[in-house]
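Novice: Below: one structure in structure tokens.
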Amino acid sequence: MVATLHSVRKSPGAGENDQKKLIGMARATSDHAFNATIWDVLVDPSYQGQGLGKALVEKLIRALLQRDIGNITLFADSQVVEFYRNLGFEPDPEGIKGMFWYPR
């Protein structure tokens, strides 16, 4: 599953020449039954700090829950743990880089 965000610069006129630029993406894989892992969440640095990464992760979570996949994990470096914690993920109690999201 991939979620993407694009910036679209409208060109004057018919709109056929609009410039579309990829500014963010998030990717998850699942077993199509119970479990999913979010692997990548990327936002162009010039667009960071606007809640776009949060929106991408929330979109993935909603899409996975619609497919009845409620066990969602990811691996996070220490500098982004707080970002994911604010989205409802909990650090692995064994201290591994993994984080887990549980339905509330």
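The values are calculated or read from the model by the stated rules, or taken from the named source; none is laboratory data. Just so you know, these numbers come straight off a predicted model, no measurement behind them. Note that we place each Cβ from the backbone using ideal geometry, even for glycine, and neighbour counts take in every protein chain shown. Quick note on the areas: whole protein, heavy atoms, side chains included, nothing else; ligands and nucleic acids left out. Shrake-Rupley method; radii C 1.70, N 1.55, O 1.52, S 1.80 Å.
Novice: If we keep just the residues of the range 58-75 that are within 21 Å of ASP92 (Cβ to Cβ) and touching a strand residue (DSSP E or B) at 6+ places or on another chain (Cβ under 6 Å), which is surrounded by the fewest Cβ atoms within 10 Å (Cβ to Cβ)?
Specialist: PHE75
Novice: Oh, and also: If you take the residues in the range 27-41 that are aliphatic (A, V, I, L, M) and in a strand (DSSP E or B), which one is most open to solvent (accessible area, probe 1.4 Å)?
Specialist: Filtering the range 27-41 for residues that are aliphatic (A, V, I, L, M) and in a strand (DSSP E or B), the one most open to solvent (accessible area, probe 1.4 Å) comes out as VAL41.
Novice: Right, something else. Determine if the range 42-52 includes at least one residue that is part of a strand (DSSP E or B), closer than 20 Å to LEU74 by Cα, open to solvent by less than 80 Å² (accessible area, probe 1.4 Å) and touching a Leu at 6+ places or on another chain (Cβ under 6 Å).
Specialist: Looking through the range 42-52, at least one residue is part of a strand (DSSP E or B), closer than 20 Å to LEU74 by Cα, open to solvent by less than 80 Å² (accessible area, probe 1.4 Å) and touching a Leu at 6+ places or on another chain (Cβ under 6 Å).
Novice: Which residues, counting only those in the range 1-26, are open to solvent by 30 Å² or more (accessible area, probe 1.4 Å), farther than 10 Å from LEU60 by Cβ, touching a residue at least 12 places away in the same chain (Cβ under 8 Å) and hydrophobic (A, V, I, L, M, F, W, C)?
Specialist: LEU5, VAL8, LEU22, MET25
Novice: Mind checking which pairs have a first residue in the range 64-89 that is more than 13 Å from TYR102 (Cα to Cα) and a second that is assigned to a helix (DSSP H, G or I) and at pLDDT 90 or above, Cβ under 6 Å, 6 or more apart or different chains?
Specialist: Qualifying pairs under 6 Å: ALA76/TYR84.
Novice: Before we move on, is SER46 of a type in the set (Ser, Thr, Tyr) and either at pLDDT below 95 or touching a Pro at 6+ places or on another chain (Cβ under 9 Å) (or both)?
Specialist: no
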